[in-house]
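The values are calculated or read from the model by the stated rules, or taken from the named source; none is laboratory data. Just so it is clear, the structure is predicted and the values come from calculations on it, not from any experiment. For accessibility, only protein heavy atoms count, side chains too; no ligands or nucleic acids. Shrake-Rupley method; radii C 1.70, N 1.55, O 1.52, S 1.80 Å.
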Amino acid sequence: MSLVVLAVDDEPPALDELAYLLGHQPEVDEVLSAGDATEALRQLNEHHVDAIFLDINMPGLSGLELAGVLTKYADPPAVVFVTAHGDKAVDAFEVGAVDYLLKPLREERLTQAISRVLAVREAGGQPAGPVPPQASPTDEVIPVELSGVTSLVRRDSISWVEAVGDYARLHSESGAHLVRIPLSTLASRWQDHGFQRVHRSYLVALPMVTGLRSSGSTTVVCVRANGSSAAVELPVSRRQLRELKDLLIRDPMRELKSSSDDPAQR
């Protein structure tokens, strides 16, 4: 699959370098360029674009604001942020970015970003076009930083989330990742996507729940770690227990095992 990409940066030397590097990617067939968001929107209206490589800090409409506009399209171009600022990863998550590259660009990271764009387009991407307001992405990814490298963690790879002050620790197939997103934000955003708050400090993916265990007044939920048959036990608060049981019982495909040492809990 050959890609048409749009490079956007308000600094001409940075734009020239980005366009040059993109043009040397084997999968890129054509590189368009724009010096601001207004020109970028004009290019998007005149051309089919598979991906937009976008600076964040620009005069007028910022890169994040432009990406927000693109979420209103039926099938927007994949968005890859290219920025010198590493503190905007959470904002990139909010607008569903495919990748987040830090300047100065490294060729191997750009190649990885192109691979992610290809995966998105081959999964059913079409030329962009306006959509009704209710349209939303089918899944989300969270940018995480590890040793200076930004990776993307898919929501469907996460088994459970743990509150760590104003941060959250995601427990996923790729390991545990600390992100600067409050647990309450994730609980609200993911409530309709199979995640349930079981405690003030824990959010679990319901498909990963293997059972409930009670002893006296204490109840724990057993959650299978993604990519493993092992399970962790997380506390369930009394106020959350009834709703959790209702949600689990409501799933006819679930074979939930619950045990109790206290007959009153049966």
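Could you please put Trp190, Trp160 in sequence from largest to smallest accessible area, using a 1.4 Å probe?
Final ranking, largest accessible area leading: Trp160, Trp190.
Taking the Cα centroid of the range 6-41 and of the range 152-230, what is the distance between the two, rounded to the nearest whole Å?
If you average the Cα positions of each part, the centres end up 39 Å apart.
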